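Participant: Input: one structure, supplied below.
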Amino acid sequence: MKTRHVLSIIQFFVVLLASMSGLAQENQKPNIILFYVDDMGWQDCSEPFHTEETQLNKNYHTPHMEQLAKEGMKFTQAYACAVCSPSRISLMTGMNAARHQVTNWTLRKNKSPDPQNKNIIPPQWNMNGMTQGEDIPLTTKAITLPQLLNESGYRTIHVGKAHFGAIGTPGENPLNLGFDVNIAGHAAGGPGSYLGEHNFSAIWRDGGHIWDVPGLDKYHGQDIFLSEALTIEANREINKAMEDKKPFYLYLSHYAIHAPWEKDKRYYEKYLDKGLSEFEAIYASMIEGMDRSLGDIMENLKQHGLWDNTIIIFMSDNGQHRNVPLNKPLRGHKLLPYEGGIRVPLIVYWPGQVEAGSVNSQYVMVEDLYPTILQMAGVDYSKRVSQEVDGISFVPYLEDPKLRDEDRPLFWHFPHTYDQFPYSAVRKGDWKLIYRHLDQSLELYNLRMDLSETRNLAVEEMKIKEELAALLSNHLREVKAGMPVLTKNNKPVPYPDEAE
């Protein structure tokens, strides 16, 4: 009887310790990984984001994206800006691009990439990117997402592409924007090379050093692809945070699949054998290398017992480049306001909160990442930030994928001559209005009926056109968006509701 009594006491304490451990795990801040991909189109993967599988889904192989979607929630109508820097500033600040006015890509201080155009002149914009410290001309100033997470106890880790600020400004270094660690992030928006044997530099093809990826000297001269090197570094930082018992926010921002397109030799031959052209095989190999990175991160989390307390958000910064296969049935590509330029893949894995294998068709926007991640981390930013936050947390949609908001408008603003026509755009419900600045013409599409945006309904649906034109105009006025100047009369382009 005495032995049984002792065993009962031991069993009691085992159960007590287990429950205390579970409670500690429950009260622990979740680790958060934002896995951000560059120039990846909506269909540049084997996981379909359309209602049916497309040819691109068959061409590519991204098994770890598939696995993440099986264990998390897939958003089929997620949006970003049409070009990189605006999206990245929006996720860092929660502001819409028209408000923060970093409306094109940044690189050189006080210098815009816009070419001269005889008909229209882009407005002054924040071409130096962002800052959260000192006031810098031509920058937007805000309290950043990593800064708020850092203040609440997170180790904030930046690995990969930054592209937050121009050369010679504080924003070029993520350490000035709330990150504790910066690996490989600087002012440039693309790598000189993806190849370790070329030192991740463009100098080998006379491209200069401005694109050199910094901080990866240990891999120089090695037969290693950039995506793999960044993953090794990211997993090393995860391990350090775990050893130090620190919750972490990892912003793993891949340079892939941005130009220059170079083959990842681990996967290239299989796509040639599959019948893809040489260029298609190169592009597909870069996509799979990016997906392998996701898989390696997931495996490391599981090996260290972090999987059940880590949130993973997968997203791209804009649509696919014009030189790669178009994401049909979507129209257009990067830089354009059509769906191919702005609709992107989004997957959210949140253990214990998100139904595994769920699909959500609610439309969301890149600036929504800011309030969403902060809510996930239990951070109240309302009294801390100085900027107006346009983003809306999509945590309610994660908790209930049946929720819908068809009244919320989404806005885009690209008043530039770089590579495409200048425009502003708005989506509300199923309707999207595009305003072309040069000739002040309006295009209206019903995305539910016409996902490929082939039929302009601006004439047939005058009432909807006028409603959206007023909505877009009021937004541009409210945020004091810069409008380009027409050379024919030296006047700013009128707002959509003022256009004749």
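Coordinate-derived values only; no laboratory data. Computed from a predicted structure; not experimentally measured. So basically every Cβ, Gly included, is an ideal-geometry build from the backbone, and we count neighbours across all protein chains shown.
Participant: Output needed: percent of Cα pairs per 10 Å distance bin for the range 421-498, bins running from 0 to the one holding the longest distance.
Facilitator: Binned Cα distances yield the sequence 19, 51, 25, 5.
Participant: For the range 52-117 and the range 138-154, what is the separation of their C-alpha centers, rounded to whole Å?
Facilitator: That distance is 20 Å.
Participant: So what are the ³J(HN,Hα) numbers for the range 105-121, from phi and the Karplus equation (6.51, -1.76, 1.60; θ = phi - 60°), rounded to whole Hz, Gly and Pro as x?
Facilitator: Going residue by residue, I get 7, 10, 6, 8, 4, 6, 10, 8, x, 5, x, 5, 10, 5, 9, 8, 10 Hz, with x marking Gly and Pro.
Participant: If you look at just the Cα atoms of the range 138-240, how large are its Rg and its Dmax in Å?
Facilitator: Expressed in Å, the Cα Rg and Dmax of the range 138-240 come to 14.5, 45.
Participant: Which whole-number percentage describes the relative contact order of the chain, with Cα contacts under 8 Å and a sequence gap of 6 or more? Please list the in-between numbers first.
Facilitator: Working: 1142 pairs, mean separation 109.7, N = 500.
Worked out over the chain, it gives 22 percent.
Participant: Hey, another quick one. Any idea what Rg and Dmax come out to for the range 356-487 if you just take the C-alpha atoms, in Å?
Facilitator: Rg and Dmax of the range 356-487, Cα atoms, are 17.0, 55 Å.
Participant: By average Cβ neighbour count within 10 Å, what is the ranking of 365-378, 447-460 from highest down? Let's see the in-between values first.
Facilitator: Values: 365-378: 22.9, 447-460: 13.9.
Ranked by mean Cβ neighbours within 10 Å, highest first: 365-378, 447-460.
Participant: Hey, another quick one. What are the principal axis extents of the Cα atoms in the chain, in Å, biggest first?
Facilitator: Here the Cα extents, ordered largest to smallest, are 99, 52, 51 Å.
Participant: If you don't mind, there's one more thing I want to ask. Stick to the Cα atoms of the range 79-188, pair each with every other, and give me the Kirkwood hydrodynamic radius in Å at one decimal. Walk me through the numbers on the way to the answer.
Facilitator: Values: mean 1/r = 0.0713 Å⁻¹.
Kirkwood radius, the range 79-188: 14.0 Å.
Participant: Set Lys and Arg Cβ to +1 and Asp and Glu Cβ to -1, take the dipole of the chain about its Cα centre, and tell me which of Leu148, Gly305, Asn239 lies farthest positive.
Facilitator: Farthest towards the positive end: Leu148.
Participant: Seen from all sides and averaged, what is the projected area of the convex hull of the Cα atoms in the range 218-257, in nm²?
Facilitator: Numbers: hull surface 13.5 nm².
The directionally averaged projection comes out at 3.4 nm².
Participant: Rounded, prolate or oblate: pick one for the range 235-378, where a ≥ b ≥ c are the square roots of the eigenvalues of its C-alpha gyration tensor, a/c under 1.5 means rounded, and failing that, prolate if a/b is larger than b/c, else oblate.
Facilitator: Here the range 235-378 falls in the oblate category.
Participant: Give the peptides 293-303, 481-491 in descending order of average Cβ contacts within 10 Å, highest first. Intermediate values should be presented prior to the final figure.
Facilitator: On the way: 293-303: 18.1, 481-491: 14.7.
The peptides rank, most packed first, as 293-303, 481-491.
Participant: Quick check: net charge around Asp497, other residues with Cβ under 14 Å of its Cβ, Lys/Arg +1 and Asp/Glu -1?
Facilitator: Once all neighbours under 14 Å are counted, the net charge is -2.
Participant: Using unit Cβ charges (K, R positive; D, E negative) and no other charged atoms, how large, in debye to the nearest 20, is the dipole of the range 364-425 about its Cα centre?
Facilitator: Taking the Cα centre of the range 364-425 as origin, the dipole is about 120 debye.
Participant: Something else: Averaged across orientations, what area in nm² does the convex hull of the alpha carbons in the range 262-335 project?
Facilitator: 6.7 nm²
Participant: Could you tell me the largest-minus-smallest coordinate of the C-alpha atoms of the range 338-423 on each of the three principal axes, in descending order and whole angstroms?
Facilitator: 46, 35, 23
Participant: So, one more: Too long at a 23 Å Cα-Cα cut-off: which of Lys161/Lys240; Lys463/Lys491; Lys118/Lys465; Lys109/Lys141; Lys74/Lys480; Lys118/Lys141?
Facilitator: On the way: Lys161/Lys240 21 Å; Lys463/Lys491 28 Å; Lys118/Lys465 29 Å; Lys109/Lys141 16 Å; Lys74/Lys480 34 Å; Lys118/Lys141 32 Å.
Long pairs (Cα-Cα over 23 Å): Lys463/Lys491; Lys118/Lys465; Lys74/Lys480; Lys118/Lys141.
Participant: If we count every other residue with Cβ under 14 angstrom of Leu451's Cβ, Lys/Arg +1 and Asp/Glu -1, where does the sum land?
Facilitator: So the surrounding residues net to +2.
Participant: A further question follows. Could you go through the range 233-246 in sequence order and give the Karplus-derived ³J(HN,Hα) for each residue, using 6.51 cos²θ - 1.76 cosθ + 1.60 with θ = phi - 60°, rounded to whole Hz, and x for Gly and Pro?
Facilitator: 5, 5, 5, 5, 5, 4, 4, 5, 4, 5, 4, 8, 6, 10
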